[in-house]
Every structure is written in structure tokens, then in C-alpha cells.
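The values are calculated or read from the model by the stated rules, or taken from the named source; none is laboratory data. The model shown is predicted, which means the values in this text are computed figures rather than measured ones. Cβ atoms come from the backbone with ideal geometry, glycine included; neighbour counts cover every protein chain shown. Please note that ligands, DNA and RNA were not included when accessible areas were found on the heavy atoms of the full protein model with its side chains. Shrake-Rupley method; radii C 1.70, N 1.55, O 1.52, S 1.80 Å.
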Amino acid sequence: MLENVDLSKSISKEEYDNVIENLKIRIGELQRKAWKMDIPIIIVFEGWHASGMTDIINKFLLTLNPMGFNLYTTGKPCYQEEQKPLLWRFWTKIPKKGSIAIFDRSWYRRITVEHSSKGKANDKMSKCLEGSNYFERQLTDEGYLLIKFFLHISKEEQGKRYREMKKQGIPMFIVEEEEEEQEYLNDYDKHLPLIESILERTDRTSAPWTIVESEDKNFATIKILAKVIESIENKIQNNENEIKISQNHHNENCIIPNIDSSILEKTDLDKSLTYKEYKKEKKICQKKITQLQYELFKHRIPLICVFEGWDASGKGGGIRRLAQKLNPRLYQVIPVGVPSQTEISHHYLWRFYNEIPEAGHIAIYDRSWYGRVLVERVENLCGNQEWKRAYREINEFEETLANYGTIIIKFWAHIDKEEQLKRFKQRENTSHKQWKITPDDWRNREKWNLYRDAADEMLQKTSTSWAPWTIVESNDKYYSRIKIFHTVIDRIEEELKQRGIQ
């Protein structure tokens with residue numbers, strides 16, 4: 001992509017002054033319109049060191065309303081960022097609807113610096129690039145506008161600017177302590193093929209790269225402003241067209257009966273244990289779980305346990321017993337309820353990226369991101385295309401976590417309709433349990449078949465080799481809890497064995 005770029009392009013000072021004011025006015029108008037239309041915008045700046053990025057970004061920022069954007073300068077990760085997957089630090093910074101996030105360097109710089117081997121791609125880097133493509137597609141599918149710039153200069157121009165910086169006493173590297181960064185920035189010829197490969201592998205219709213000829217900074221600034229204006233105009237026009245189309249299709253969320261075979265209907269719910277068997281096995285399992293928790297911490301392996309299932313299926317009881325003997329400093333139980341307004345204003349995965357565990361820690365989710373394909377689907381809280389798209393997005397999300405080394409264990413707590421009714425009535429008739437039963441529980445029960453169909457499809461489409469589902473027969477709570485223990489223990493031990501730890 002870089003070999004045919006004409007780096008001689010330039011603009012005179014007079015031409016620049018004549019054009020810049022009109023561009024400032026137009027971009028201000030579009031920023032306000034995007035805010036009113038709730039369009040989130042992400043702008044990425046990448047490029048060679050000494051390409052003039054600091055000056056060019058500053059000129060661009062001066063055209064914007066400062067209340068409508070955040071600038072993030074990406075450097076060496078802090079301790080907390082090192083304990084999470086690479087993309088976590090960027091997911092947590094995506095803008096809310098109507099706002100703009102501008103990245104001065106981005107996930108591309110970090111992938112290159114942290115995961116290339118002496119200027120060459122390796123398997124870990126390839127997985128990170130695949131993850132970045134997932135990340136970008138998930139955002140653009142959700143309605144984000146993503147604009148990516150690579151500021152390009154020649155090796156000769158870079159050398160010239162280095163000499164000028166040295167002569168003026170300007171530090172050549174902001175992050176001088178990072179040897180990998182210096183090595184990456186210094187060796188132009190060695191990294192040129194790698195940079196070109198990255199640009200080619202991540203240049204997609206929904207998130208294309210714009211190569212900016214940057215030997216003339218004024219020309220680069222004008223090109224960037226023109227591209228941002230063009231991109232926002234196109235996004236606004238596309239959104240307006242989509243609104244018109246949706247207004248003519250009132251039956252988007254029509255209910256289509258499930259004709260596939262049911263996984264859940266085949267589950268044997270008669271499995272049970274006596275109280276004596278349960279107490280004995282529980283003691284053994286909890287001791288083992290405690291030992292394994294320290295093994296995970298020792299080897300910096302994060303663990304995620306997801307609990308989904310029917311109302312009153314015993315998820316809470318299973319979670320309490322699982323966590324009962326754990327070190328509270330190394331685990332967190334995360335109850336997932338109705339999203340807040342802040343969470344609604346972001347991509348639905350944003351709030352879950354904010355909660356993923358650090359290396360060596362455990363996160364236990366009482367309900368999870370699967371709400372998109374369960375309650376949001378059944379209750380028409382999102383459109384058909386959104387929940388259908390979510391199967392792929394969730395698999396990609398979990399794959400990204402697994403590539404980082406996270407162990408993911410997912411449970412569906414299954415009971416039959418009669419057992420649920422029995423438990424609902426017990427809750428209503430027991431004073432200290434009445435808080436557990438709500439009108440929503442009864443309403444959800446009336447849609448049993450719809451929720452069963454949604455759960456069946458979820459189990460079929462999101463049970464992967466890196467994050468398989470375990471259906472827990474939960475009519476008998478004792479059997480259910482012990483199965484959860486055994487599943488967690490077996491999975492952790494198998495993962496440790498595969499990694500050569502046990």
C-alpha cells in the first residue's frame with residue numbers, strides 16, 4: 001500500500017489559509033449533527049516516527065468542539081493494562097453515542113511493538129491482528145464510524161527530521177525507556193514490509209486505511225480534514241437512509257417459531273444426590289478449588305465462569321458454594337442486570353470488557369453478555385439483526401480472551417417448568433425469600449417456549465472449543481452444585497496439564 005504513494009504532494013501556505021477556514025466550519029457543523037444523531041466516531045492516527053503526527057493532530061483538534069471528544073495518547077502499558085488482553089485498554093476507551101475518541105497511536109502500534117519478533121510477524125501477533133479486525137467490525141456493525149490514518153514519509157525525510165530534532169534539542173523518543181519502541185522506530189527498512197502487511201491485513205470496507213502523504217504537514221492536515229468530513233457526511237447519509245427503510249418495515253421483530261431440535265428437551269433432569277453424598281463431595285471439591293485458585297494466581301492465568309439459566313434454577317446457590325472457600329482478594333462475583341444509561345450509550349460488550357479479570361484472578365458472572373441473545377432477543381429490546389449478529393460477536397469476544405490465556409467455563413442451569421413453578425411458590429411463601437421473586441419472573445415464565453428456543457439456539461451457536469457450554473441438570477440442587485464443582489476442577493486441571501504446569 002505504501003510503495004506507490006506520491007510523497008511529493010504539497011500545498012502552498014496561501015492555498016492552505018484559503019481552504020482551512022471553510023473546512024473548520026464544515027467539520028464543526030458535522031460534529032454537532034453527529035452528536036444529535038448519536039453517532040459515535042473513532043479516529044485513529046498511526047504512522048512513522050517524525051511524520052509530524054503531533055503537529056497534525058493538534059491542528060485537527062483545533063477544528064473541533066473540545067466538549068465533544070477525548071484524545072488518548074497510546075504509550076507503554078501500565079501495570080493494570082499488562083494484566084489484561086491488549087484490546088482491553090482500547091475497549092474501555094471507546095466513545096459513547098454522539099462523541100468522538102481520537103487515538104494518537106493505537107492498538108496497531110501496541111500490537112507491533114509488543115508482539116512482533118525483530119520486525120517480523122509471529123503467531124501471537126497474527127492472533128492479535130485477527131482480534132483487532134473483530135474489534136473494528138463489532139464497532140462498525142454497531143454503528144460506530146471508524147476512520148484510520150497512516151502518516152507516511154520516506155526514510156530520507158525521516159532521517160532529515162531526526163537531524164533537525166537533534167539540532168534543536170528536541171527528544172526523539174517520548175518513551176525512551178522502552179527499547180522495543182526504539183528498535184521499532186529506528187529501523188525503517190526492516191519494519192516497512194511488516195507495516196505494509198499490517199495495513200493490507202486490516203484494510204476493510206467498513207474500516208479502511210487512508211494513507212496520508214505527510215512530508216508537507218499542511219497538505220497532510222487538509223487531507224485528513226477532508227477525509228473526516230467526507231466520512232461523517234457519508235455516515236450521516238447512510239443512517240438517514242436506514243431510518244427511512246426501517247420505517248417501512250414494521251415487522252422486523254416478528255416471531256418465527258423454532259423448528260430445530262431442542263438440546264434442553266433431551267436433558268435428563270432426574271439426576272440427583274442424597275444430602276449425605278452432597279456434603280461429602282462438597283468438602284472435597286471446595287478444598288481442591290482453593291488449591292487450584294492459587295495455581296491460577298501463581299501462573300497468572302485468568303478464569304471466567306459464566307452462569308446462565310432459568311429463573312430460580314439455582315444459579316445463585318451454585319455461585320455461593322463455588323466461591324465459599326476462595327480467597328476473596330483473588331475473585332469477584334459480577335451480577336449483571338439492566339444496563340445503565342452510560343452502558344446503553346456504548347457498544348453492549350463495553351461494560352463486560354470493563355469487568356474482565358486480571359491475570360491470575362477469577363471473575364464469576366451471574367448472567368452475562370448472553371443477555372443480548374436471551375432477554376434482549378425475546379423482549380424485543382434489540383432488533384433481529386443485532387441479536388443474530390451477536391452470536392459471532394460473542395464467539396469473537398471469548399476467542400480474544402482465550403487467546404490471551406483466559407479459561408472460560410459456561411454453565412446453563414436447567415430445570416423444567418414444573419420445578420420452576422414449585423420454587424416460585426416457595427419463594428412467595430417464605431418471608432426471607434420473597435425478595436427473590438418479582439413480577440418480571442412471572443412474565444418471563446409466560447414466555448417459557450420463547451426463552452427455551454432462544455437458549456437452544458444460543459447453546460448451539462456459542463459452544464466453542466475455547467468456551468464450551470455445560471448444561472447443568474438442576475432440578476436437584478445437590479446434584480447441580482457438585483456438577484459445577486467437578487466441571488470447574490476438571491477444566492482447570494486439563495488446562496494446566498495442556499500448558500505443562502501439572
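Quick notes
- The chain, helix-only ellipticity at 222 nm - DSSP H runs n ≥ 4, -39,500 (n - 2.57), divided by all residues, nearest 500: -16500 deg cm²/dmol
- Kirkwood Rh in Å, taken over all unlike Cα pairs in region 29-101: 14.0 Å
- Residue-wise HN-Hα coupling along region 290-304, computed from phi with Karplus coefficients 6.51, -1.76, 1.60 (Hz; x: Gly, Pro): 4, 4, 5, 4, 6, 5, 4, 5, 4, 9, 6, 9, x, 10, 10
- Listed pairs Lys276/Lys433; Lys283/Lys477; Lys282/Lys477 exceeding 18 Å between Cα atoms: Lys276/Lys433
- Per DSSP, loop trypsin sites (Lys or Arg not before Pro) in region 277-335 with at most 14 further Cβ within 10 Å: Arg300, Arg329
- Kirkwood hydrodynamic radius over Cα pairs of region 382-427, then Stokes diffusion coefficient at 4 °C and 1.567 mPa s, in µm²/s: 94 µm²/s
- Filter on Lys33/Lys59; Lys124/Lys410; Lys36/Lys96; Lys410/Lys461 - keep pairs with C-alpha separation over 23 Å: Lys124/Lys410
- Binned Cα-Cα distances of region 411-461, short to long, each 10 Å bin given as a whole percent: 21, 49, 24, 5, 0
- 3J(HN,Hα) along region 495-501: 5, 4, 5, 4, 8, x, 8 Hz, from the Karplus curve 6.51 cos²θ - 1.76 cosθ + 1.60 with θ = phi - 60°, whole Hz, x for Gly and Pro.
- Solvent-accessible area per residue, Å², over the chain with all protein chains present [probe radius 1.4 Å]: 49 Å²
- Taking every alpha-carbon pair within region 444-502, the share separated by more than 14 Å comes to 70 percent.
- The fraction of accessible area contributed by carbon and sulfur in the chain is 49 percent, rounded to a whole number (1.4 Å probe; ligands and nucleic acids excluded).
- Loop-located GluC sites (Glu not before Pro) across region 1-75 with a Cβ neighbour count of 11 or fewer within 10 Å are Glu3, with loop assigned by DSSP.
- Space enclosed by the convex hull of the alpha-carbon atoms of region 260-367, per residue, Å³: 153 Å³
- Between the amide H of Gly309 and those of Ala413, distances stay under 5 Å, these residues lying 5 or more places away or on another chain, with hydrogens modeled in the peptide plane.
- The chain - Debye-derived log10 I(q)/I(0), Cα point model, q = 0.11, 0.12 Å⁻¹: -1.02, -1.14
- DSSP-defined beta bridges in the chain - what % are antiparallel, rounded to 5: 5 percent
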